[in-house]
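Everything on this sheet refers to the single structure shown next.
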Amino acid sequence: MYYVLDRFGAMNPCRWIGRFPHVGGVSWDLGTRNGTTVPEPLEFELKPLDPDASDEGPEMPEYFKGRVPLFRDDLVHALQQAGVDNLELYRAVIVDPDNGQRYTEYKAVNIVGSISAADMARSNATVNPGGPVLDVNFDGFSVDERKARGALMFRLAENTGAILVHESVVDRLLEKGFDKLEFLDPGEVAL
């Protein structure tokens, strides 16, 4: 069984990234190795804290989703202990514009590996021109586990915005106390 990695929002208000760095020639969401030197540390900036926003709070999460995924160091370590070995990691600094604090316990993460693992016949999909690669819109999808070949963590080739995680990794993360991550059933995910 595979799950889609997400993070709790309104149920667990926390900070969000407001400004991502641009690194020319680097793709963070295609599942391919970066073929260029990435300047480190990469600097990110939090959105100013809005106390009226239901999904915002002062807590720094384990995982920032966005154009460049950010994983806290303890999450990276737990993933590696669970056998995930396809992460390109880059030092990151997250700056809080509200008080100038700098957080250095995060890594910018490139997940290497894109697998065409959607069972299109059992998925609710809209295939855009060009075929079922990269740009499929899903209103729930099914994972063909034979195509996934037991990979522990990868991007779904049909829609690379989805990060899939094997249930064995999910179990290890939950055992380690990562209870603010969300692992969604692909059949209930809209992408």
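The values are calculated or read from the model by the stated rules, or taken from the named source; none is laboratory data. For clarity, every value in this text was computed on a predicted model and none was experimentally measured. All Cβ positions, glycine included, derive from the backbone under ideal geometry; neighbour counts span all protein chains shown.
Among what's in the stretch 19-47 and is of a type in the set (Gly, Ala, Ser) and surrounded by 13 or more Cβ atoms within 10 Å (Cβ to Cβ), pick the residue that is nearest to the chain's Cα centre (by Cα).
Just the residues of the stretch 19-47 that are of a type in the set (Gly, Ala, Ser), to begin with: 24-25, 27, 31, 35.
Okay, now just the ones that are also surrounded by 13 or more Cβ atoms within 10 Å (Cβ to Cβ), so 27, 31.
Values: 27: 14, 31: 11 Å.
In this case the residue turns out to be 31.
Does residue 150 meet the test of being among the small types (Gly, Ala, Ser), surrounded by fewer than 21 Cβ atoms within 10 Å (Cβ to Cβ), more than 19 Å from residue 19 (Cα to Cα) and within 18 Å of the chain's Cα centre (by Cα)? Reasoning before the result, please.
Numbers: among the small types (Gly, Ala, Ser): yes; surrounded by fewer than 21 Cβ atoms within 10 Å (Cβ to Cβ): yes; more than 19 Å from residue 19 (Cα to Cα): yes; within 18 Å of the chain's Cα centre (by Cα): no.
It is false that residue 150 is among the small types (Gly, Ala, Ser), surrounded by fewer than 21 Cβ atoms within 10 Å (Cβ to Cβ), more than 19 Å from residue 19 (Cα to Cα) and within 18 Å of the chain's Cα centre (by Cα).
Taken over the stretch 86-99, the criterion of being farther than 16 Å from residue 70 by Cβ and either crowded, with 16+ Cβ neighbours inside 10 Å or in contact (Cβ under 8 Å) with a residue 24 or more places away in the chain (or both) is satisfied by 86, 97, 98. List every residue pair whose Cβ atoms sit under 7 Å apart, with the two residues 6 or more apart in sequence or on different chains, where the first one lies in the stretch 141-158 and is more than 12 Å from residue 116 (Cβ to Cβ) and of a type in the set (D, E, K, R) and the second, anywhere, is modelled with pLDDT of 95 or more and in a loop (DSSP other than H, G, I, E, B). That search, which allows pairs on different chains as well, returns nothing.
Given the criteria of a type in the set (Gly, Ala, Ser), over 28 Å from residue 19 (Cα atoms) and touching a residue at least 12 places away in the same chain (Cβ under 8 Å), does residue 113 qualify? No; evaluated as a whole, the condition is false for this residue.
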